[in-house]
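Reviewing the structure listed below.
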Amino acid sequence: MSKTTSIFARVEPEIKEQAEMVLNKLGISMSNAINIFLRQVVLQNGLPFEVKIPQNRPLAIKNQSRIL
C-alpha cells in the first residue's frame, strides 16, 4: 500500500451531509471522492470543471413559466 497524507478542510455541515448521501449512493467514500478530484486536478492541470462568475441578468417575462 502506498503512503498517504491527511488533508483537513472546513466545509458547511449541510453540504458535507448532502455530498455523503450522493457518494453513498455511488458507493464511493468521501476519501475516495477527494482522491478522484485531486487526480483530476493533476490530469487537467487545473480544476476539472469550469469556474466562473454567473451573470445576474433579469429574466425576460416571456421566458418565465406561469403556474396555474
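The values are calculated or read from the model by the stated rules, or taken from the named source; none is laboratory data. Everything quoted here is computed from the prediction, not taken from an experiment. For neighbour counting, all protein chains shown are included, and Cβ atoms are generated from backbone atoms with ideal geometry for every residue, glycine included.
Just a few scattered comments:
- Taking the stretch 12-47 as the range and being surrounded by 12 or more Cβ atoms within 10 Å (Cβ to Cβ) and in a loop (DSSP other than H, G, I, E, B) as the test, the residues that pass are ILE28, SER29.
- Condition met for MET1 (surrounded by 10 or more Cβ atoms within 10 Å (Cβ to Cβ) and either in contact with an Asp or Glu (Cβ under 9 Å, 6 or more places away or on another chain) or modelled with pLDDT under 95 (or both)): no
- Within the stretch 47-68, being more than 23 Å from LEU23 (Cβ to Cβ) and either at pLDDT 95 or above or among the charged types (D, E, K, R) (or both) holds for LYS52, ARG57, LYS62, ARG66.
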